[in-house]
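Everything below concerns the one structure shown next.
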Amino acid sequence: MRERFRVVGGGRLTGEARVVGAKNSALKLMAVALLAPGVTTLTNVPEIADVVIMAELLRRLGVAVEHDPVHGVVRLDVPQTLGHRADYELVRALRASISVLGPLVARVGEADVAVPGGDAIGSRGLDLHAAGLEALGATVHVTHGYLVAKAPQGLSGADIRLDFPSVGATENVLTASVLASGRTTIENVAREPEIVDIAEMLVEMGARVQGAGTSRLVVDGVDALTPTTHRVVPDRIAAGTWAFVAATTRGSIEVVGGVAEHLGAPLAALRAAGCRVEPTERGFRVSAGPHRPRAFDVATLPYPGFPTDLQPFALTYNAVAQGSAMVTENLFEARFRTVQELARLGADAQIDGHHVMTHGVPLLSGAPVESSDIRSGAALVLAGLVAEGETLVSGVHHIDRGYPRFEQALCALGADVQREPDDDWFD
Ligand code: UD1
């Protein structure tokens with residue numbers, strides 16, 4: 001059954017919001033577990049549907065998965081002998097499935113992974129993943145919609161340079177290299193906290209990885225890894241979402257479990273725009289000033305730049321902030337779906353190539369809107385909170401993929417958001 005959120009705008013949101021482990025780390029760490037036979041346990045795992053899909057994918061590879069969503073624990077019992085095929089049916093539902101590629105080639109010497117669909121946010125190639133694996137000695141080709149990688153003799157260390165610091169390619173090349181013979185250096189890698197999280201878990205498993213968090217990784221291959229118990233890094237995109245909820249609704253929110261250091265660029269921008277950002281014992285707090293906030297320019301970049309996943313929130317913020325501002329998307333080409341929906345709510349925003357120019361209006365005006373991915377969906381709920389009257393946000397299943405019980409967390413801050421069947425949806 002399709003659901004939607006009925007959002008009644010108005011009011012500053014105040015209180016606390018809790019952040020758990022990052023979706024974009026938890027899913028990858030589940031794939032990393034494939035590298036070691038035995039029982040690996042992950043804690044602080046978010047209660048989201050994507051974890052269920054990844055669990056199913058791993059089960060089909062032979063892993064016994066126990067998932068306790070309420071306590072955020074996933075226990076993976078990885079067999080000695082693994083399958084090597086990730087079906088289209090699951091991969092199309094979850095792009096992050098591609099992260100089994102590196103571990104499978106390393107452990108099994110072979111991987112057939114369907115070329116993913118996933119979020120509707122621009123075309124995302126796999127050329128860097130493939131080139132990295134080829135440099136390590138695998139043969140890679142695409143056939144019948146599957147990326148087929150083979151390395152029957154095992155992988156060998158190599159000097160690799162990524163043309164772009166892709167998150168996914170960094171992960172797959174890193175996870176492929178830990179069991180390769182000899183030393184691998186990978187230049188121009190992604191530096192996201194989720195990459196550091198993967199590297200830390202790999203080291204706990206006995207891998208020899210240096211340089212995580214910098215743009216150069218050095219990996220000395222080992223013969224085998226051992227299972228571990230690992231706590232997933234806090235979700236910086238969820239934490240950043242709460243920061244924008246506070247700033248946009250002119251409220252004050254303590255982000256419990258949030259790590260301010262992982263949000264350098266967005267928090268600096270909010271501070272410069274007049275918000276107060278202060279550390280607390282349990283995380284950090286963002287409080288809007290007494291006046292209407294100022295709009296600010298944003299250009300998305302690989303970490304530590306402004307995250308593309310927070311770009312829809314910056315757009316929503318600018319739509320109601322004082323003044324004009326430009327948001328530039330440098331990572332994904334079609335990631336401006338929020339704009340046409342914001343325009344339905346009365347925002348003054350124009351797309352020009354990979355830029356969006358906004359002229360802030362004091363208040364949006366409630367209307368039905370459609371979310372098309374996790375972040376644009378959550379950003380439209382935020383827009384509804386600063387709109388006069390009622391906003392119906394359909395496509396709630398997208399939001400559920402990144403924000404467990406989003407409406408309950410918002411209501412705890414004083415919002416009026418209800419989940420209801422989407423009666424207007426015709427299948
Ligand atoms: C991950 C995140 C996503 C986030 C993105 C950028 C997950 C599940 N998703 O996605 O939420 O928005 O990082 O921070 O972790 N590219 C190529 N060839 C490749 C690989 C990538 O051209 O082989 C391009 C893509 O088309 C895209 C850009 O590089 O334009 C960034 O992609 P990448 O960093 O790989 O993002 P993902 O890992 O897919």
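The values are calculated or read from the model by the stated rules, or taken from the named source; none is laboratory data. Just so it is clear, the structure is predicted and the values come from calculations on it, not from any experiment. Note that each Cβ is placed from the backbone with ideal geometry, even for glycine, and that neighbours are counted across all protein chains shown. Side chains are part of the model used for accessible areas, which takes the heavy atoms of the whole protein and leaves out ligands, DNA and RNA. Shrake-Rupley method; radii C 1.70, N 1.55, O 1.52, S 1.80 Å.
Worth a mention:
- R59 outside the structural domain of A239 (by TED's automatic domain parsing) and either within 14 Å of the ligand (Cβ to nearest atom) or not hydrophobic (A, V, I, L, M, F, W, C) (or both): yes
Okay, residues lined up against (1) outside the structural domain of I195 (by TED's automatic domain parsing); (2) over 19 Å from P227 (Cα atoms); (3) in contact (Cβ under 8 Å) with a residue 60 or more places away in the chain; (4) in contact with a Lys or Arg (Cβ under 9 Å, 6 or more places away or on another chain):
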residue	(1), (2), (3), (4)
G9	yes, yes, yes, no
V39	no, no, yes, yes
A55	no, no, no, no
V74	no, no, no, no
L90	no, yes, no, yes
A106	no, no, yes, no
A111	no, yes, no, yes
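- Residue within region 124-142 that is closer than 27 Å to H230 by Cα, touching a helix residue (DSSP H, G or I) at 6+ places or on another chain (Cβ under 7 Å) and part of a strand (DSSP E or B) present: no
- Residues considered: V327, V339, V369. Of these, the only one that is within 16 Å of the ligand (Cβ to nearest atom), of a type in the set (V, I, T) and over 19 Å from the mean Cα position of the chain (by Cα) is V327.
- Those strands (runs of 3 or more DSSP E) of region 306-408 in which at least 2 residues are open to solvent by less than 20 Å² (accessible area, probe 1.4 Å) and either in contact with a helix residue (DSSP H, G or I) (Cβ under 9 Å, 6 or more places away or on another chain) or at pLDDT 95 or above (or both), considering only elements entirely within it, cover 324-328, 355-359, 390-394.
- Qualifying residue in region 295-302 (condition: more than 16 Å from the ligand (Cβ to nearest atom), open to solvent by 10 Å² or more (accessible area, probe 1.4 Å) and over 25 Å from T14 (Cβ atoms)): yes
- Scope region 21-40; condition open to solvent by 10 Å² or more (accessible area, probe 1.4 Å) and in contact with a helix residue (DSSP H, G or I) (Cβ under 8 Å, 6 or more places away or on another chain); matching residues: K23, N24, K28
- Residues satisfying the stated conditions in region 92-104, i.e. more than 12 Å from the ligand (Cβ to nearest atom) and either open to solvent by 20 Å² or more (accessible area, probe 1.4 Å) or touching a helix residue (DSSP H, G or I) at 6+ places or on another chain (Cβ under 6 Å) (or both): R92, A93, V100, G102, P103
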